[in-house]
Amino acid sequence: MYPPKHHQDYNIDNIKEVAKAYPFATLVSANNDTPFITHAPLIFHGDTLVGHIDANNPHTRLLKGNHPITAVFQGPQTYISPSVYTTKQLPTWNYIIAHATGKVNEIEDPTIIKQSMVTMTEFLENPDQKFTLDIADQRMDRLLPFIHCFEIEIEQWEGKFKLSQDKVPADIENAKKELIQNNQKSVANFVDDIFKRHL
């Protein structure tokens, strides 16, 4: 990602927290001049990221064999109006993004695939787990032929946290409030509108 250094976060723990809090990743691979992009949740298994996608997705051809990949985790983001600042500024956009770059390999062992599904469900159900996926559930066995499971060995993490860090403290605080409020408001309004139009 394009630097400016004051927007970069070099603390690996901070960057990983974005991936944990916003696990629905954008997976990016390339084959010659053709990009492949898929969206899927990824969770940590130790130091690796593990995910599953539909086995019929053509992207699966690149999610094996030690192929290079980048996973993009997008945290909250919003337009920041100059009206929220105490000083004279121009319009901008604030956001939190994490990139994980590494090599991807297929997981083929049925037991490991099922356990990864159980582990992912436990993670996504937290903190108030209301459902537990039973590894002995026979429905998972029937789904296995349709699931492509993979793990990503991370070689590099990169974080870009553009949060008005170059502004005065009062403006940084105002931009933070705007980021929080706009994400809560825009998600609620957008989802409500989509449901009205599509259901």
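In the assembled protein chains, LEU179 presents an accessible area of approximately 20 Å² (probe radius 1.4 Å).
Across the range 54-64, rounded Karplus estimates of 3J(HN,Hα) from the backbone phi angles (6.51 cos²θ - 1.76 cosθ + 1.60, θ = phi - 60°) give 4, 4, 7, 5, x, 5, 4, 4, 9, 9, 6 Hz, Gly and Pro being marked x. Taking a straight line from the alpha carbon of LYS88, these aspartates and glutamates sit under 15 Å away, with near neighbours fewer than eight places off in the same chain left out: ASP166, ASP171. Less than 5 angstrom separates the built amide H of GLN89 from none of the residues sequence-distant by 5 or more or on a different chain.
Going by accessible surface with a 1.4 Å probe and the largest first, HIS39, HIS67 read HIS39, HIS67. Length gained on full extension, ALA21 to HIS6: 3.1 nm, using 0.36 nm per residue less the C-alpha separation. Accessible-area rank, largest first, for TYR95, TYR10: TYR10, TYR95, with all protein chains present and a 1.4 angstrom probe.
Highest-first packing order for the peptide set 148-160, 53-65, 118-130 is 148-160, 53-65, 118-130, based on the mean count of other beta carbon atoms within 10 Å.
Taking only protein heavy atoms and a 1.4 Å probe, the accessible area of the chain is 55% carbon and sulfur. Heavy atoms of the protein chains alone define the surface here; on that basis the range 25-148 has 56 Å² accessible area per residue at 1.4 Å probe size. A 1.4 Å probe over all protein chains sorts LYS177, LYS16 by accessible area into LYS177, LYS16, starting with the largest. What is the log10 of I(q)/I(0) for the range 1-115, computed with the Debye formula using one identical point scatterer on each Cα and no solvent, at q = 0.16, 0.17, 0.19 Å⁻¹? Cα-only, vacuum Debye calculation for the range 1-115: -0.85, -0.92, -1.08.
Checked against a 20 Å cut-off, the cross-linked pairs LYS16/LYS103; LYS5/LYS160; LYS16/LYS177 give Cα-Cα distances beyond that limit for LYS16/LYS177.
Using a Förster distance of 30 Å, how high is the FRET efficiency between ASN105 and LYS196, based on the Cβ-Cβ distance and rounded to 0.05? Between ASN105 and LYS196 the formula returns 0.10.
The values are calculated or read from the model by the stated rules, or taken from the named source; none is laboratory data. As the structure is a computational prediction, the values presented were derived from the model and not from experiment. Positions of Cβ are generated from backbone atoms using ideal geometry, with glycine treated the same way; all protein chains shown enter the neighbour counts. Just so you know, the surface numbers come from the protein's heavy atoms only, side chains and all, with ligands and any DNA or RNA stripped out. Shrake-Rupley method; radii C 1.70, N 1.55, O 1.52, S 1.80 Å.
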